[in-house]
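Structure first, then comments.
The values are calculated or read from the model by the stated rules, or taken from the named source; none is laboratory data. Just so we're clear, the structure is a prediction, and the values are computed from it rather than from any experiment. Ideal geometry is used to build each Cβ from the backbone, glycine not excepted, and the neighbour counts take in all protein chains shown. Please note that ligands, DNA and RNA were not included when accessible areas were found on the heavy atoms of the full protein model with its side chains. Shrake-Rupley method; radii C 1.70, N 1.55, O 1.52, S 1.80 Å.
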Amino acid sequence: MKWIGIDYAYHFFGLVNKDSPATDVAFNSQGFFISKSFPLNNNLDSYVIFVKKEYDFLKQLGDSLHLTVDFGMFAFLAVPMLWLLKFLYGLVSNFGWAIVLLTVLIRLLTFPLQWSSLKGMKKMQNLQPQLAKIKEKYKDDPLTMQKETMDMFKKSGVNPLSGCFPLLLQMPIFFALYSVLYNAVELVGARYLGWITDLSTKDPYYILPVAMAVSMFVQQKITPSTITDKMQQRIFLFMPLIFGFFMKDLPSGLSLYIFVSTLSGIFQQFFVFSRIK
């Protein structure tokens, strides 16, 4: 074990070993953690550290302390995004606007995938009336229904996964950016607009979560849907409300990111649909 410690939000307190000995760790009822090395010895070559979890500074310290900033499985994407966020901050001197610029930039870079996804979804939507007829005609014959459906896809040149696959390719990017904004100590105490005085804490008036939920509802209404089941349609209508409620106590920087990303997605959809017949 290279280090062991207590993580609290944007700070780390721990014991760092010079080497990486085999270690047994336990917490007792008084709240102390007990570390035993194997083989047992009376010499401990280590140091105690209490530090703010600023990624680049921890990287300079060495001893793998940068891993105390947990970016998750998409860390290989999150670290470059953090550097880009700090670079944009250097240009605009405001982390709120840096988040806006970074979100728009990522949306632009992933636009070809968005175009492909929306194009596929639009084609699928246009086929819905014919698919509904096949479903009704062969409702008692599932095998024939499946065959007729696949034949229709082949004749129309539509891949039923064409709308989903590009979205799946985008997910690691958006999850990585989410992780950056959730963990970035740089956002602590960072002001944005009048009522947003700290991007690492929740919006005190819930303006951004509400705006985010409204924008998600608008995007949902203009997005081509292949869902024909009425119950599923009702459930999806509640998703923006549920997501807004979930985000109300999370850092306002995250709400800002999702709000700007959703707005950008709406403009992209209008642009794509205006060019797809």
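Taking segment 91-112 on its own, how many of its residues are open to solvent by less than 60 Å² (accessible area, probe 1.4 Å) and either over 20 Å from Ile173 (Cβ atoms) or of a type in the set (Asp, Glu) (or both)?
3
When the residues of segment 58-104 are narrowed to those that are in contact (Cβ under 8 Å) with a residue 40 or more places away in the chain, of a type in the set (Ser, Thr, Tyr) and out of contact with any Asp or Glu (no Cβ under 7 Å at 6 or more places or on another chain), which ends up nearest to Ala176 (Cα to Cα)?
Here the answer is Thr103.
If a residue has to be within 17 Å of Thr197 (Cα to Cα) and of a type in the set (Val, Ile, Thr) to count, how many in segment 86-106 make the cut?
Looking only at that region, the number is 3.
Could you go through segment 194-202 and let me know if any residue there is outside any loop (DSSP other than H, G, I, E, B), at pLDDT 85 or above and within 19 Å of the chain's Cα centre (by Cα).
Kept after step one, since they are outside any loop (DSSP other than H, G, I, E, B), are these residues of segment 194-202: none.
No, segment 194-202 contains no residue that is outside any loop (DSSP other than H, G, I, E, B), at pLDDT 85 or above and within 19 Å of the chain's Cα centre (by Cα).
Which of (1) in contact (Cβ under 8 Å) with a residue 60 or more places away in the chain; (2) closer than 17 Å to Val260 by Cβ; (3) open to solvent by 40 Å² or more (accessible area, probe 1.4 Å) is the odd one out, the single condition Val188 does not satisfy?
(2)
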